[in-house]
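**Student:** My questions all concern the structure below.
Rule-based calculations on the coordinates, nothing more; no lab input. All of these numbers come straight from a predicted model, not from anything done at the bench. Please note: Cβ atoms are built from the backbone with ideal geometry, for glycine as well, and neighbour counts cover all protein chains shown.
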Amino acid sequence: MPTREALDLARSRGVDLVEVAPNAVPPVCRMMDYGKFRYEQSRRDRDSRKNQHVVELKEIRIQPKIGDHDLETKSRQAAKFLDGGDKVKFTVRFRGREMAHPDIGKGLLDELWEMLKTQSTMELTPKMEGRTMIMHLAPIKAKQSMAERESGREERSAAVGSDEQQEEGSAMAEAIRIATERGEESRGQAEAQDA
């Protein structure tokens with residue numbers, strides 16, 4: 001349709017002519033109320049932002065001279081962060097003569113990893129960065145929850161099927177079975193006539 005006719009038609013209907021795909025040949029346009037479209041688009045964007053969880057990187061700092069109980073407390077706090085779906089960065093800060101013993105910091109991070117192994121995956125193995133040693137852990141639950149949601153949806157949709165849907169499904173299956181039998185019979189008859 002020529003551009004002038006499309007514009008006249010849009011004006012007569014009281015809507016806007018919006019170019020949807022300018023790179024297509026010919027360009028594709030659509031008649032719509034553009035203000036209403038923009039409003040609905042902003043509402044959808046706002047709702048999607050409201051429902052999404054932004055994964056944060058939580059940092060937990062420890063020193064090489066930390067006590068056993070304090071280390072357990074830090075691991076419990078990290079477990080809370082991981083259960084909340086956030087990533088955790090452990091930082092061991094070395095000061096003064098502690099720099100001569102990075103193996104102590106590595107041992108602490110390995111011990112924390114053993115405590116949190118069931119709840120997390122290691123994204124970044126312990127490594128030195130200047131005077132600090134860092135390790136990153138990511139939650140396992142986030143990856144599993146997506147798979148669990150998908151399987152849960154499939155189970156629910158399979159279980160929710162009403163009696164009418166089941167009857168329609170069985171009627172459809174019966175019709176397909178009859179049609180295939182008729183097809184086989186007609187093929188058999190055609191083969192008998194050829195012989």
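**Student:** Taking every alpha carbon pair in the stretch 57-142, what does the distance histogram look like in 10 angstrom bins from 0, in percent?
**Tutor:** Once binned at 10 Å, the Cα pair distances of the stretch 57-142 give 19, 54, 24, 3, 0.
**Student:** Quick check: pseudo-label points 7 Å beyond the Cα along Cα→Cβ at LYS117 and ARG30, how many nm apart are they?
**Tutor:** 5.3 nm
**Student:** Order these by the 10 Å Cβ neighbour count, fewest first: SER120, SER12.
**Tutor:** Ranked by crowding around the Cβ, least crowded first: SER12, SER120.
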